[in-house]
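What follows is calculated from the coordinates using simple rules that are stated; it is not laboratory data. Please read these numbers as outputs of a predicted model, since none were measured by experiment. Cβ: placed from backbone, ideal geometry, glycine included. Neighbour counts: every protein chain shown.
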Amino acid sequence: MNEQLKAILEALIFISQEPLTLNKIKEVLEEVPEDELQAALEALLADYAADSRGIQVIQSAGGYLFTTKPEHDQWIRRLLQIEKKTKLSSAALETLSIIAYHQPITQAEISAIRGVDSTYCLKTLLQKKLIKIVGRKKAPGNPLVYRTSERFLQYFGLNSLEDLPREEEIAKILEEEKQAIS
């Protein structure tokens with residue numbers, strides 16, 4: 001394994017302001033064969049996963065980034081004097097899941113699925129930058145169209161929308177929980 005390549009990748013990921021994508025890495029290290037890059041990335045991920053360091057390299061939002069390990073959260077928050085993340089209300093989570101699974105989607109479509117007005121939830125999700133407005137639908141009134149944002153992927157630790165559980169998986173989990181309660 002090329003230790004120098006691992007060190008370069010570590011430095012690139014560390015300095016990047018956002019998740020560093022494989023395409024961007026290939027662009028920067030154009031002289032390095034892709035299979036060698038992939039092997040070095042996997043080795044770097046394994047090194048940080050196996051090590052007893054306080055930081056790790058993870059894949060999120062389509063790229064690689066450094067994060068602190070969750071088990072050190074309370075001390076980091078104490079140092080930075082950060083309050084715990086405000087949790088999303090069940091209504092906001094419901095709205096966000098509808099957007100995630102049905103995007104692109106309008107407010108009227110969201111409200112129809114939920115059966116209640118979703119204006120407040122949409123404002124909250126926009127303020128938290130978990131969703132974004134991506135245009136207008138060619139329909140009466142030209143309603144705004146919503147999608148999840150890159151921050152949504154980071155917030156939930158997803159690499160891409162394909163990482164969301166499929167309907168069959170959700171149904172199976174709910175059924176197992178239902179049987180466990182009975």
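Filter the range 70-94 down to residues that are in contact with a Phe, Trp or Tyr (Cβ under 9 Å, 6 or more places away or on another chain) and part of a helix (DSSP H, G or I) and give me whichever is farthest from Leu144 (Cα to Cα).
For the range 70-94, the residue satisfying everything is Ala91.
Tell me which residues, restricted to the range 135-149, are among the polar types (S, T, N, Q) and surrounded by 15 or more Cβ atoms within 10 Å (Cβ to Cβ).
In the first step, residues of the range 135-149 are kept if they are among the polar types (S, T, N, Q); the result is 142, 148-149.
Scanning the range 135-149 gives Thr148, Ser149.
For Leu37, all conditions in the list (1) out of contact with any helix residue (DSSP H, G or I) (no Cβ under 7 Å at 6 or more places or on another chain); (2) of a type outside the set (Phe, Trp, Tyr); (3) under 21 Å from Leu12 (Cβ atoms) hold save one; what is the number of the exception?
Leu37 satisfies every listed condition except (1).
Per-residue answers, yes or no, for (1) closer than 30 Å to Thr124 by Cα; (2) surrounded by 14 or more Cβ atoms within 10 Å (Cβ to Cβ); (3) under 23 Å from the mean Cα position of the chain (by Cα):
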residue	(1), (2), (3)
Gln4	no, no, no
Phe14	no, no, yes
Leu41	no, yes, yes
Ala46	no, no, yes
Gly54	no, no, yes
Glu71	yes, no, yes
Arg77	yes, no, yes
Ala92	yes, yes, yes
Ile98	yes, yes, yes
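Residues are listed down the side, and each one gets a yes or a no for (1) within 30 Å of Phe66 (Cα to Cα); (2) free of Cβ contacts under 8 Å to residues at least 24 places away in the same chain; (3) touching a strand residue (DSSP E or B) at 6+ places or on another chain (Cβ under 7 Å):
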| position | (1), (2), (3) |
| --- | --- |
| Ile99 | yes, no, yes |
| Cys121 | no, no, no |
| Lys129 | yes, yes, no |
| Arg136 | no, yes, yes |
| Gly141 | no, yes, no |
| Leu164 | yes, no, no |
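From the list Ala40, Ala49, pick out the single residue that is farther than 30 Å from Lys128 by Cβ and assigned to a helix (DSSP H, G or I).
Ala40
Restricting the range 16-34 to residues that are in a loop (DSSP other than H, G, I, E, B) and not polar (S, T, N, Q), which is surrounded by the fewest Cβ atoms within 10 Å (Cβ to Cβ)? Talk me through it step by step, then tell me what you get.
Residues of the range 16-34 that are in a loop (DSSP other than H, G, I, E, B), as a first pass: 16-19, 21, 29-33.
So of that shortlist, the ones also not polar (S, T, N, Q) come out as 18-19, 29-33.
Details: Glu18: 12, Pro19: 19, Leu29: 17, Glu30: 7, Glu31: 5, Val32: 16, Pro33: 10.
It comes out as Glu31.
In the list Ile25, Ile13, Ile55, which residue meets the criterion of being in contact (Cβ under 8 Å) with a residue 40 or more places away in the chain, in contact with a helix residue (DSSP H, G or I) (Cβ under 9 Å, 6 or more places away or on another chain) and aliphatic (A, V, I, L, M)?
Values: Ile25 fails: in contact (Cβ under 8 Å) with a residue 40 or more places away in the chain; Ile55 fails: in contact (Cβ under 8 Å) with a residue 40 or more places away in the chain.
Ile13 is the lone residue from the list that is in contact (Cβ under 8 Å) with a residue 40 or more places away in the chain, in contact with a helix residue (DSSP H, G or I) (Cβ under 9 Å, 6 or more places away or on another chain) and aliphatic (A, V, I, L, M).
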